[in-house]
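None of the figures in this text is laboratory data; all of them are computed from the coordinates on show. Because the structure is predicted, anything quoted here is derived from the model rather than measured.
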Amino acid sequence: MNRINKFKVIFALFLTISSFCAHSQSNVFKVTLDAGHGDHDFGAVYSGRIEKNIALAIVLKVGKILELNPNVNVIYTRKTDVFVDLVERANIANRANSNIFVSIHCNANKNTAADGTETYVMGLSKVASNLEAAKKENSVITLEKDYKRKYEGYDPNSPESMIGMTLMQEEYLDNSITLATKIEENFEKLGKKLRHGGVKQAPFMVLHKAYMPRVLVETGFVSNPTEGNILNSEEGQDDIARAIAEAILSYKREYFGSGTESEDSRPIRDTSTKAKPKTNTPVAAVKNAPKGTFFKVQLIASIKKTPLEPKNFKGLKNVTMIYENNIYKYFYEETTSYETAQKYLQEAKSKGYGAAFLVATKDGEKISIQDAIK
């Protein structure tokens, strides 16, 4: 082989490896796990059951399970007994450009009979019990240095004062509800070990500052002697961690694919008989929307309007746009086939849209991917 041909072979190999690396990177699903409290912030403490320790133990177990998947990158807000400001926890996820943010805690109540898990999404709920939960977790900011300046205008004793949520945060509400629902459904499968309390909405500061689908999981009540002992046990923590990790992986497969053709082409079976919360919201005021169920790849959402030309979308053609709640949402392709949609998703990721995900519509209205598959 002469020098020129050898150079061509090496160059071709370089391009192949580069392409493979770029494609692999685009398939990496980033999860930020947040263990609530830490160091001098013990969280809830009852009869030697300490929230900060239980939350950290569960987070490390969840992370260990997720890290077995080569297409998942786990980011931790803390892996040891240290104190991290609430806003910094969210910023860690933001800087990593994570796909989801999961904050793990334990609940507590003066009524030691109170029990059950709860998984929260961000929202200005007026339900008294939800606001009390938010007050408890948000009060952590008073332990931070210079918290009045850092959280100017926010009163931890009045979660309703959390106003001015960005448009982009609203954009992630449906996905947050889906993730929270999966977690609670997995808790339900634990049977008598833990009573699942369902998906709820409350203004948690740590969720407010994270710009991605995000949930806060109250894994149970440490104040309840029976449930608290489960939370404080190795077996109980293993069960809870497995339930959360499996929910995260199910969410990844549903919205982002698995990175492997065999898994991506496999429909997700939903064996739960429990009614899901209605999350259907109009995609947009689209006139004469086609009847039927369709899958699209959502590339980005922006306050900026961009001409629908391939050069503006890294060469991707057939990009469409809708305008909803003062946000421009850009979609790639449209198909009635879930398998074909997965291929479009991988194509978008290979072009550099690492945060792209699938959405589904029925007769012009947004529905969950699971309902669309059915």
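Here are some notes:
- The ratio of the alpha-carbon radius of gyration of region 54-128 to the globular-protein estimate 2.2 N^0.38 Å is 1.30.
- P(r) tail fraction, region 318-368 - alpha-carbon pairs more than 16 Å apart, %: 44
- Pairs beyond 21 Å (Cα-Cα), from Lys252/Lys343; Lys30/Lys351; Lys61/Lys193; Lys182/Lys291: Lys182/Lys291
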